[in-house]
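Input: a single structure, listed below in structure tokens.
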Amino acid sequence: MMITEEKVDDIPYLRFNPKEYTGVLPTVIYYHGSHSSKDFIRFQAMTIASFGYQVIVPDALYHGERESIKYDVKYIWEIIFKSIQESDVLIKRAIEKHDADPTRIAVMGSSMGQ
């Protein structure tokens, strides 16, 4: 499995690729929950990638590398809406730079990422 740390615009993300892949890949963008970060989702992402998927795990606004703040429920909708807006950027990057199959892209997550 190949794991890389990358960034597009101001969105840091981890990218997990299955071993010995060729051609376009089905891709999952996996959003973590509140009080988490892209680094805490490694096990889940590696598990998904082991089934042949490329997995992209971004840090949500105010999490991980993105100006971590003490959690406050007043930010939850700002974070969720920002993640929705940024999904277009991540999908475009996945297709243009990471061999994502544009007909097989899924978005999933846990907690705040659902």
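The values are calculated or read from the model by the stated rules, or taken from the named source; none is laboratory data. None of the values given here were measured: they were computed from a predicted structure. Because the Cβ atoms are built from the backbone with ideal geometry, glycine has one as well, and the counts that use them run over all protein chains shown. We work out accessible area using only protein heavy atoms, side chains counted, and drop any ligands, DNA or RNA first. Shrake-Rupley method; radii C 1.70, N 1.55, O 1.52, S 1.80 Å.
Roughly speaking, to the nearest percent, how much of the range 47-114's 1.4 Å accessible area is carbon and sulfur?
Carbon plus sulfur share of accessible area: 55 percent.
Specify which residue in the list 48, 22, 62 is farthest towards the positive end of the charge dipole of the chain, using unit charges on the beta carbon of Lys, Arg (+1) and Asp, Glu (-1), about the Cα centre.
48
Using Cα centres only, tell me the gap between the range 81-114 and the range 1-36 in whole Å.
Spelled out, the Cα-based centre of one part sits 10 Å from the other.
Nothing charged except the Cβ atoms of Lys and Arg (+1) and of Asp and Glu (-1): what's the magnitude of the dipole of the chain about its Cα centre? Round to the nearest 20 debye.
220 debye
With a 10 Å cut-off between alpha carbons and a GNM built on the chain, which of 13, 62, 30 moves the most?
Maximum fluctuation in the GNM of the chain, among the listed residues, is at 62.
Most mobile of 91, 76, 56 per a Gaussian network model of the chain (Cα springs, under 10 Å)?
Sorting by GNM fluctuation, first place goes to 76.
For residue 19, which lysines qualify as cross-link partners when the Cα separation must be under 24 Å and same-chain residues fewer than eight apart are set aside?
List returned: 7, 38, 92, 97.
Please calculate how many Å² of accessible area the chain carries per residue, with a 1.4 Å probe and no DNA, RNA or ligand atoms counted.
57 Å²
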